[in-house]
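K.L.:
One structure coming up, written as structure tokens, with questions to follow.
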Amino acid sequence: MADMLTARQGDTLDELLWRERGLGPEALDAVLAANPGLADHGPILPIGTPVTLPVIAAQAQPVRETVQLWS
């Protein structure tokens, strides 16, 4: 199921995605594909612009190698 986000004053699409869902630039293509014509608004979205957020698979967190000082 897709979520619906609403742009605030001065929002860019990447700022809206980061603030509301913690998504980075890798999600932009999927969001633009789910919202035809959204890019026609330009870099700053008009206030109240609805943005459909498709289901995006969560990326696996990178594994950090740990070093044991005393083993």
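K.L.:
Could you report the accessible area of Val67 in Å², rounded to 10, computed with a 1.4 Å probe on the protein chains as they sit in the structure?
P.N.:
The accessible area of Val67 comes to roughly 120 Å².
K.L.:
Same structure, new question: Using heavy-atom solvent-accessible surface (probe 1.4 Å) with all chains present, what is the largest-first order of Thr12, Thr6?
P.N.:
These residues rank, largest area first, as Thr6, Thr12.
K.L.:
With a probe of 1.4 Å, find how much accessible area the chain has per residue, and write the answer as a whole number in Å².
P.N.:
78
K.L.:
Could I ask something else about it? If I take R0 = 35 Å and measure r between the Cβ atoms of Ala33 and Glu65 in this structure, what FRET efficiency does the formula 1/(1 + (r/R0)^6) give, to the nearest 0.05?
P.N.:
0.45
K.L.:
Next question, about the same structure. Any idea how far apart Ile44 and Asp14 come out in nm if each label point goes 7 Å out from Cα toward Cβ?
P.N.:
With each label placed 7 Å out from Cα toward Cβ, I get 1.8 nm.
K.L.:
Sticking with this structure for a sec: Computed from the mean reciprocal separation of all distinct C-alpha pairs, what Kirkwood hydrodynamic radius does the chain have, in Å?
P.N.:
By the Kirkwood definition, the hydrodynamic radius is 13.8 Å.
K.L.:
Further, regarding this structure: Determine the calculated [θ] at 222 nm for the chain from helices alone, applying -39500 (n - 2.57) to every DSSP H run no shorter than 4 residues and normalising by the residue count; nearest 500 deg cm²/dmol.
P.N.:
That calculation yields -6000 deg cm²/dmol at 222 nm.
The values are calculated or read from the model by the stated rules, or taken from the named source; none is laboratory data. Source: prediction; values computed, not measured. Reconstructed Cβ throughout: ideal geometry from the backbone, glycine too, with neighbour counts over all protein chains shown. These area figures cover heavy atoms from the full protein model, side chains too; ligands, DNA and RNA do not enter into them. Shrake-Rupley method; radii C 1.70, N 1.55, O 1.52, S 1.80 Å.
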